[in-house]
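Let me begin by presenting the structure, written as C-alpha cells, before commenting on it.
The values are calculated or read from the model by the stated rules, or taken from the named source; none is laboratory data. Being a predicted model, the structure only gives us computed values, none of them experimental. All Cβ positions, glycine included, derive from the backbone under ideal geometry; neighbour counts span all protein chains shown. All accessible areas refer to the heavy atoms of the entire protein, side chains included, with ligands and DNA or RNA removed. Shrake-Rupley method; radii C 1.70, N 1.55, O 1.52, S 1.80 Å.
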Amino acid sequence: MLDFFTIFSKGGLVLWCFQGVSDSCTGPVNALIRSVLLQERGGNNSFTHEALTLKYKLDNQFELVFVVGFQKILTLTYVDKLIDDVHRLFRDKYRTEIQQQSALSLLNGTFDFQNDFLRLLREAEESSKVRVPATMKKYEDSEKAKKPVRSMIETRGEKPKEKAKKKTKGAKKEGLDAPLATSKTVPAEKSVGAENGVELSKEELIRRKREEFIQKHGKGIEKSGKSTKSDAPKEKGKKAPRVWAPGGCVNKEDLDYSAPTTNGAPDVPPPEDINLIRGTGPGGQLQDLDCSSSDDEGAAQSPTKPSATKGTLGGMFGMLKGLVGSKSLSREDMESVLDKMRDHLIAKNVAADIAVQLCESVANKLEGKVMGTFSTVTSTVKQALQESLVQILQPQRRVDMLRDIMDAQRHQRPYVVTFCGVNGVGKSTNLAKISFWLLENGFSVLIAACDTFRAGAVEQLRTHARRLSVLHPPESHGGRTMVHLFERGYGKDAAGIAMEAIAFARNQGFDVVLVDTAGRMQDNAPLMTALAKLITVNTPDLVLFVGEALVGNEAVDQLVKFNRALADHSMAQTPRLIDGIVLTKFDTIDDKVGAAISMTYITSKPIVFVGTGQTYCDLRSLNAKAVVAALMKA
C-alpha cells in the first residue's frame, strides 16, 4: 500500500498528488528536496525519511519530479515499474501544458490524473503477484525415460565410455598421437553392431563414425609436437682467450665482432637497440610512458592522410552539427565521458563508491536536457559535475563559531567545543591552532586536558598553553588571563574532568572551553562508550571530528563509524552526533583533495577548519571553489 504519490515541478509547484495511507506528504518531500535534490546527491533514486522510503524520478526535459512514498518495512517490487509508467503517461498526456514552462500555465492547468493513476497502480500490483510454482517433472516426461533399453546394453568387446581426463605434461608433447592411439585400441568389428539388428544410440553412432574416420585418414597425419633442430652446428665451449697487448692497447680489428656483410648489407638482421631493450633513452634517461589513446595514436601516425569520405566543407558542417544543441542528452551520449570523470575522481583520492554515485547523480541531472548552442557533451558534463561538487561542499547548517560565541556571552556561559578522532591525526595540535585563532579575535580560552591515557598528552597541551600565553600575555589584555590549561593528571574520568573544566570556566569568566579527548579507534566499543558519555553529560555546543586528508577513504570509514558509534553508545534518547570536520595535513596531498569531497558527501557534515602546516597561523577555512578547481585539474 502506497502512502502517497506526488508530481511537482522543480520550481516548487505541486501539479498532482495522490494521498494513500499518509495524511500529508509535505514533511518527507521537503526532506527529500533539502537532503537530496538541493545537495546534488541524486546518485541513488531512493531516500529514507523516518519510517518512510521515498523513490523519485527526475524529468530534466520538462523540469518535473515524480515521488512515491511507502513504509520502509514493506517490500514493494512494483514501485519502479509504477513510477516509470506514471512518468511516461503523465508526460505524454499533458505535454502541451508542461512545454509552456510558465508558472501561470501550470497553475491554470487542470491535471485530472486520478483515474489513470489508479489504473496504472492496479496493473502494476497485478503484474507483481507471486506466480504459482511449476510442478515437478515426472520420470515419464524426462529424457532418460524416453531412451530405449537397447541403447543401454553393452556389446561384448566394447568398453564403456570413460570421462575425459585432464591433460598431463606429457600429453602436450604428443600432439596428434592421442587420436592415433585410440584408433589402435578400438577393434574394427565394433562397427557391425547395426548389421546384427542391434539398435545403436546417437552417442555410440557418432563415436563409431569418428573411429572409422580416424582409421581411414589417421595414417597420413604426421607428428607435429616435435620441434625440428637447426642443421647449423652449435659452437660449444668458450673461444680462445683474448690476448691483450702490453700497455692495454689492442687493434680495432681484433675487437670487431660484427656480422659479415655482403655487398654492404648484413647477412643477419641487426639486433634491437640496447636502449629500447632497457627502456632508456638518449643519455640513459628513462622515457615517459605513452598514455595517449588509440585515436590520438592513429591521428599521429597519419597526420597528412586526407579524409576519404568528407571534404573540407563537409567536415566543417559536421563539426557545427556536433556543437549546436540539436537533441537532448541520453545515457549513451554521456557514458564515455562519465567513465573518464569517474576514473579522474578516483585518481584524485575520491572514494570509489562515492565517485560512482557522483557520476550517477550528474547523469540523472542531465538526462533529457537539450545541450546549449556550441557546447559539447564533455564540457556540459564537466560543468554539471563542478556545480555538483561545489554544492556538496557547501554546508547544510551554518557553523559560525564567532557569532555563536558572542551569543553564548550574552547568556553568560562558556562556549564548549569537543574534539574527537582516531590516534595521531593531530587533535592537540589543531586545538592549539584554533586557540590561537580565538585569541586573535579577542576571546579567552580554557583548554581542558581530557586525554588522560596517552603519555605526554598533558605536557603537550601545557607547552601550547605556555607559548600561547607568551603571544598573548595578560599585560596586553588589561591583566586578564587569555589562555589557561585545566588538567587533573592521568588515569581519571574524562567526562568528570570536562564537567569540572566547564564549571571552572563559568566561574572564572572564560569565553570558550576546548575539550581535548584521547584518540581511539572507531571499532573500540569501551572507548566509544566513554566518548559518548562525555558528550552526553556535558552537552557541548560543537562536536568536531578531526581527520587526516592524506588517508583518503580511511577517513570516510572513520567518520561514518564514529558517528554511528556515538548514536549506538549514547544514553540519551536523541543522541548527539558530530557537527563538523577539521581536515588536517592538507598541505601533504598536493591536488589529491578527494578526501574533502568524500567526507562531506557521505555525512553531510561541513568542513569547519583545514590545517595546512605546523605553525599556529596555518589554519584555514574551506574554499569550495578552490578545492573543486584543484580536483578537476588534469
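Given the options M528, M571, name the one that is open to solvent by 40 Å² or more (accessible area, probe 1.4 Å), over 14 Å from I602 (Cβ atoms) and in contact with a Lys or Arg (Cβ under 8 Å, 6 or more places away or on another chain).
Details: M528 fails: open to solvent by 40 Å² or more (accessible area, probe 1.4 Å).
Unique residue meeting the criteria: M571.
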Here the residues within region 1-34 that are of a type in the set (S, T, N, Q) and either open to solvent by less than 40 Å² (accessible area, probe 1.4 Å) or over 35 Å from the mean Cα position of the chain (by Cα) (or both) are T6, S9, Q19, S22, S24
Within region 446-492, residues being surrounded by fewer than 14 Cβ atoms within 10 Å (Cβ to Cβ) and of a type in the set (G, A, S) number 7
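Checking the structure you have, find out if any residue of region 567-588 is under 25 Å from A532 (Cβ atoms) and of a type in the set (K, R). If you could, list the steps in order and put the result at the bottom.
Of region 567-588, the ones under 25 Å from A532 (Cβ atoms) are 567-584.
Then keep just the ones that are of a type in the set (K, R); that gives 576.
Yes, region 567-588 contains at least one residue that is under 25 Å from A532 (Cβ atoms) and of a type in the set (K, R).
Out of all the residues in region 424-445, which are β-branched (V, I, T) and either buried (at least 22 other Cβ atoms within 10 Å of the Cβ) or under 20 Å from M499 (Cα atoms) (or both)?
To start, the set of residues in region 424-445 that are β-branched (V, I, T) comprises 425, 429, 434, 445.
Passing the criteria: V425, I434, V445.
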Counting only residues that are closer than 16 Å to V628 by Cα and within 20 Å of the chain's Cα centre (by Cα), region 344-379 contains a total of 13
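Specify which of the listed residues (L550, L622, L577, L583) is out of contact with any Lys or Arg (no Cβ under 8 Å at 6 or more places or on another chain), surrounded by fewer than 19 Cβ atoms within 10 Å (Cβ to Cβ) and not in a helix (DSSP H, G or I).
On the way: L550 fails: out of contact with any Lys or Arg (no Cβ under 8 Å at 6 or more places or on another chain); L622 fails: surrounded by fewer than 19 Cβ atoms within 10 Å (Cβ to Cβ); L583 fails: surrounded by fewer than 19 Cβ atoms within 10 Å (Cβ to Cβ).
Going through L550, L622, L577, L583 in turn, the sole match is L577.
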Scanning region 1-35 for residues that are closer than 22 Å to R122 by Cα and of a type in the set (G, A, S), the one modelled with the highest pLDDT turns out to be G20
Expected output for region 598-619 (first residue surrounded by 19 or more Cβ atoms within 10 Å (Cβ to Cβ) and outside any strand (DSSP E or B), partner at pLDDT 90 or above and of a type in the set (F, W, Y), Cβ below 6 Å, 6+ apart or cross-chain) is Y616/F436
Scanning region 327-360 residue by residue, the ones that are open to solvent by 60 Å² or more (accessible area, probe 1.4 Å), in contact (Cβ under 8 Å) with a residue 24 or more places away in the chain and acidic (D, E) total 1
